[in-house]
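Trainee: Here's a structure for you.
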Amino acid sequence: MKADTETGLRFDAKMAAPLRLADTVSDAIAEALFDGRISPGDALPSEGDIARDFGVSKPIAREALRQLAGAGLVQTQQGKVARARALNGEPLDRFYGFAVRSSLKRLREANEMRLVVETGVARIAARRRTPVGLATMRGAVEDMRQSLRDPVGFTEADVVFHHGMALATGNLMIRVQMEGLRSVQREVSELFSRRSNRSDADWQETVARHERLLEAIAAGDEARAEAMIEAHYAAADIASFEVAGKLEGDSDD
């Protein structure tokens, strides 16, 4: 593709195949987004320029941009140039948010999937333990201590802690996936934190579980980090679902 006169951006433009024209165009632009040739906030070429360089019509170029916008990769607005967005888990988060709020069954399924994901994340976090990830988790634990008996503040600190665990892996795809699971984590954490019979000791033990997980990751102990995740789920989530069951009349529909 010719360099855009205003942005200097380049795609590896190839003549699109007759079938799935928009897919061919969106794939090429997405590749440039992921490999860093296009940075967050950068303006993309116009629909007309994209259409010319790929040898497609403007409606096909528009559909390609629509696909990228749906995936959360670009931001489009009527009458304005499309711009690249920072890579994050927002589209996944919206999907899981709808799912977990639809029924207790979907919440259970999503949280079970989250356990499968986080056991692996904990191991890689312990293997890599990047400074930014460890610092984020430490800050979150301190925020938890300051938010005892405050369900809203405690939940947000909990979400930040698990995001820190993803950051500790140094893996972009893991970070995006964990960001996508925030709705699941927030729903479970809020249900758990809002139990009317939750004691001070219970609040403190929840903080302690996060501290033990952080210690295992900081020490580079992969097996212990995975075990701490499993212990955390065993202790916290059953109580969460008991609350959810009461809220929904124990219905799985």
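The values are calculated or read from the model by the stated rules, or taken from the named source; none is laboratory data. Everything numeric here is computed off the predicted structure, so don't read it as measured data. So basically every Cβ, Gly included, is an ideal-geometry build from the backbone, and we count neighbours across all protein chains shown.
Trainee: Going residue by residue through region 43-52, is there one that turns out to be modelled with pLDDT under 85 and assigned to a helix (DSSP H, G or I)?
Mentor: no
Trainee: While we're here: I need a count of the residues in region 137-151 that are of a type in the set (K, R) and in contact (Cβ under 8 Å) with a residue 60 or more places away in the chain.
Mentor: Of the residues in that region, 2 qualify.
Trainee: A further question follows. So which residues in region 164-209 are among the small types (G, A, S), under 23 Å from the mean Cα position of the chain (by Cα) and not in a helix (DSSP H, G or I), if there are any at all?
Mentor: G170
Trainee: Does region 84-91 contain at least one residue that is acidic (D, E), farther than 25 Å from A166 by Cβ and modelled with pLDDT of 90 or more?
Mentor: As a first pass, look at region 84-91 and keep what is acidic (D, E): 90.
Remaining after also requiring farther than 25 Å from A166 by Cβ: none.
Within region 84-91, not a single residue is acidic (D, E), farther than 25 Å from A166 by Cβ and modelled with pLDDT of 90 or more.
Trainee: A further question on this structure: Do you know which residues across region 140-152 are closer than 18 Å to L191 by Cα, in contact with a helix residue (DSSP H, G or I) (Cβ under 7 Å, 6 or more places away or on another chain) and either part of a helix (DSSP H, G or I) or not assigned by TED's automatic domain parsing to the domain that holds L214 (or both)?
Mentor: Within region 140-152, M144, P151 meet the criteria.
Trainee: Here's another thing I want to ask about it. Scanning for something crowded, with 19+ Cβ neighbours inside 10 Å, within 15 Å of the chain's Cα centre (by Cα) and outside any loop (DSSP other than H, G, I, E, B), does region 119-132 turn up at least one residue?
Mentor: Among the residues of region 119-132, at least one is crowded, with 19+ Cβ neighbours inside 10 Å, within 15 Å of the chain's Cα centre (by Cα) and outside any loop (DSSP other than H, G, I, E, B), which makes the answer yes.
Trainee: What number goes with the only condition from (1) at pLDDT 95 or above; (2) surrounded by 15 or more Cβ atoms within 10 Å (Cβ to Cβ) that G220 does not pass?
Mentor: The single condition G220 does not satisfy is (2).
Trainee: Would it be correct to say that G89 is more than 12 Å from L33 (Cβ to Cβ) and buried (at least 18 other Cβ atoms within 10 Å of the Cβ)?
Mentor: Taking the combined requirement at face value, the residue satisfies it.
Trainee: Can you say whether G164 is under 23 Å from A71 (Cα atoms), outside the structural domain of A71 (by TED's automatic domain parsing) and crowded, with 16+ Cβ neighbours inside 10 Å, as far as the supplied structure shows?
Mentor: Answer is no for this residue.
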